[in-house]
1. With (1) closer than 26 Å to VAL211 by Cβ; (2) surrounded by 21 or more Cβ atoms within 10 Å (Cβ to Cβ) as the list, and ALA166 as the residue in question, which single condition is left unmet?
2. Let me confirm something: among ASP199, ASP219, which residue is in contact with a helix residue (DSSP H, G or I) (Cβ under 8 Å, 6 or more places away or on another chain), closer than 30 Å to LEU279 by Cβ and of a type outside the set (A, V, I, L, M)?
3. Kindly check whether there is at least one residue in region 191-214 that is more than 24 Å from ILE124 (Cβ to Cβ) and either at pLDDT 95 or above or under 18 Å from the mean Cα position of the chain (by Cα) (or both).
4. Can you name every residue in region 131-145 that is outside any helix (DSSP H, G or I) and either without any contact (Cβ under 8 Å) to a residue 24 or more places away in the chain or β-branched (Val, Ile, Thr) (or both)?
5. Would you check if VAL305 is touching a Phe, Trp or Tyr at 6+ places or on another chain (Cβ under 8 Å), closer than 26 Å to LEU53 by Cβ and not assigned by TED's automatic domain parsing to the domain that holds SER31?
6. Could you name every one of the helices (runs of 4 or more DSSP H) located completely within region 182-295 that has at least 1 residues being closer than 30 Å to LEU114 by Cα?
7. Give all pairs with beta carbons closer than 7 Å in which a residue from region 119-130 that is under 17 Å from ASP160 (Cβ atoms) and in the same structural domain as LYS141 (by TED's automatic domain parsing) meets a residue that is aromatic (Phe, Trp, Tyr) and buried (at least 19 other Cβ atoms within 10 Å of the Cβ); count only pairs at least 6 apart in sequence or on separate chains.
8. Can you spot a residue in region 162-169 that is within 20 Å of the chain's Cα centre (by Cα) and touching a residue at least 60 places away in the same chain (Cβ under 8 Å)?
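The values are calculated or read from the model by the stated rules, or taken from the named source; none is laboratory data. The structure presented is a predicted model; accordingly, all values stated were derived computationally and were not measured. Heads up, the Cβs are rebuilt from the backbone with ideal geometry, glycines too, and the neighbour counts pull from every protein chain shown.
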Amino acid sequence: MKKKLKIYLASPRGFCAGVKRAIEIVEKSISKFGSPVYVRHEIVHNKQVVEELKQKGAVFVDELSDVKDTSRPVIFSAHGVPKSVPKEAKLKNLSFVDATCPLVSKVHRESEQLNKNGYEILLIGHKNHPEVIGTMGQLSKGSIKLIETKNDVQNLNINDFKKPLAYITQTTLSVDDTTEIIEALKKKFPKIKGPVKEDICYATTNRQSAVKEIASKCDLFFVVGSRNSSNSVRLVEVAKKAGCNNSQLMHSEKEIPYNEIDSSNIIGISSGASAPEKLVKTLLDNIKKNRNVSIEEVVVAEEKVVFKLPKELN
């Protein structure tokens, strides 16, 4: 007799509209232009997705200088790129398709508008994340200052700012941590201007809400996603903060911890916005080998967002 195990499945989980659109842009480009199609950086942060696209004819490069055949199109990743990248592509006569998530593009436009209106800009985000590099690269060097923690806010010197101040944020941050940083900013700079509609995207917020809903009931929590996926790593932190200390990121190299599953009665599962649903299914199938599993899906929101493809692919 297999021992009973209850699994709470967080919903929404997995692919968001921006990730679906980015993957579709690569696939449609390959079917329209033939292969190879070059992709600058990982199109989304997931190893399996990247491997499957490689098999279909995508070639991933770090920089445009790595493009071997300049007659082939190049795709920019969903995380967005600094202004210098399309500029360089035009100089090299490369044709390109921009797969930047529209919600990241919204932050880019905000930064340009704020800059035009005479604001100094603070960006809340994680240093060296491609999205942050892309957003900071929308304006000339030094126009945007990065804030990573509440401590960074304390270290800001009020007298250093000669113009009015505004903040923008990365789209895949922890909602709660970001709220704390924003509160610290407002306390220090009462007149600071924030975005009209918050920058953290709907998908990040929904996935974190679903995890919060179930984490405290679980002995063990799995988030399926890659190690370099900001939103997946945040989900693990959110699950811990919400009451499940044993929360783990199930990335491609990680062995399934069967001994920990054996000693659990209730497990929670979610997946990051760039993780394919089949990875969740594989994890469930492996758990079912040893346990008598009952699954309850906990739905906190219905996602109906769809983003249009760039005009080059219509």
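1. (1)
2. On the way: ASP219 fails: in contact with a helix residue (DSSP H, G or I) (Cβ under 8 Å, 6 or more places away or on another chain).
Going through ASP199, ASP219 in turn, just one is in contact with a helix residue (DSSP H, G or I) (Cβ under 8 Å, 6 or more places away or on another chain), closer than 30 Å to LEU279 by Cβ and of a type outside the set (A, V, I, L, M): ASP199.
3. To start, the set of residues in region 191-214 that are more than 24 Å from ILE124 (Cβ to Cβ) comprises 213-214.
Those left that are additionally either at pLDDT 95 or above or under 18 Å from the mean Cα position of the chain (by Cα) (or both): 213-214.
Yes: region 191-214 contains one or more residues that are more than 24 Å from ILE124 (Cβ to Cβ) and either at pLDDT 95 or above or under 18 Å from the mean Cα position of the chain (by Cα) (or both).
4. Taking region 131-145 as the starting set, the residues that turn out to be outside any helix (DSSP H, G or I) are 137-145.
Correct list: SER140, LYS141, GLY142, ILE144.
5. Numbers: touching a Phe, Trp or Tyr at 6+ places or on another chain (Cβ under 8 Å): yes; closer than 26 Å to LEU53 by Cβ: yes; not assigned by TED's automatic domain parsing to the domain that holds SER31: yes.
For VAL305, the condition - touching a Phe, Trp or Tyr at 6+ places or on another chain (Cβ under 8 Å), closer than 26 Å to LEU53 by Cβ and not assigned by TED's automatic domain parsing to the domain that holds SER31 - is met.
6. Values: elements: 202-215, 230-241, 258-262, 277-288.
Ranges flagged: 202-215, 230-241.
7. LEU122/TYR167
8. The initial filter retains those residues of region 162-169 that are within 20 Å of the chain's Cα centre (by Cα), namely 167-169.
With touching a residue at least 60 places away in the same chain (Cβ under 8 Å) added as a condition, the list becomes 168-169.
Scanning region 162-169 turns up at least one residue that is within 20 Å of the chain's Cα centre (by Cα) and touching a residue at least 60 places away in the same chain (Cβ under 8 Å).
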